[in-house]
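One structure below.
The values are calculated or read from the model by the stated rules, or taken from the named source; none is laboratory data. Owing to the predicted nature of the structure, the values given are computational and were not obtained by experimental measurement. Every residue, glycine as well, gets a Cβ built from its backbone with ideal geometry; the counts of neighbours run over all protein chains shown. To get the accessible areas, we keep the full protein, side chains included, count just its heavy atoms, and leave off ligands, DNA and RNA. Shrake-Rupley method; radii C 1.70, N 1.55, O 1.52, S 1.80 Å.
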Amino acid sequence: MKKLTYIVMAALLLAIASCKEKKEAAETESPSQMEQVMAVHDEVMPKMNNINSLISKLEAKIDPESADTTYQDAIRDLKDANKSMMDWMMEFGNHFNSGEIMNGEPLSEEKKQLLNEDQAKMNEVKEKMNGSIERAEALLQN
């Protein structure tokens, strides 16, 4: 009976050590393409609140008597960036299921191509959002 207990304990220790090694290996692996895309999304998603705030501030500065469209142009850019993000999220959600997004389920060749396209689009959305925010903030500082 004592031998059986030692064997079971040894097997458990080996299993725990094996799991720990697998976890450490997974932590040192570079992020998957899906993780990279989601990281960019997660970076720019909070900026949507900033966009809405900037739109409100710019709208308050518009002089209806003036022919100057500087503020309207900045608002249009911010709204366009916001729409680009919303459109990307809708399209991305139609391309991939939650298991593929959250759990790293394998992708078909067709979905790998879609992920490449979605990654390029997300990078464009990021640039559009960051650029429109920078321009609006600079305009408000004048």
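Between ASN49 and ASN116, with labels modelled 7 Å along Cα→Cβ, what's the label distance in nm to one decimal, could you check?
Taking the simple label geometry, ASN49 and ASN116 are separated by 3.7 nm.
Could you look at the stretch 20-142 and say what percent of its accessible area is carbon and sulfur, using a 1.4 Å probe and all protein chains?
That fraction is 49 percent.
Between GLU35 and THR69, what length in nm is gained on full extension when 0.36 nm per residue of separation is reduced by their alpha carbon distance?
8.2 nm
Go through 99-106, 85-92 and give me the packing order, highest mean Cβ count within 10 Å leading.
85-92, 99-106
If I stretch the segment between MET86 and LYS61 completely, what's the gain in nm (0.36 nm per residue apart, minus their alpha carbon distance), one decimal?
6.4 nm
Give the residue from ILE133, MET89, GLY104 lying farthest towards the positive end of the charge dipole for the stretch 79-142; charges sit on Cβ (+1 for Lys and Arg, -1 for Asp and Glu) and the dipole is referred to the Cα centre.
ILE133
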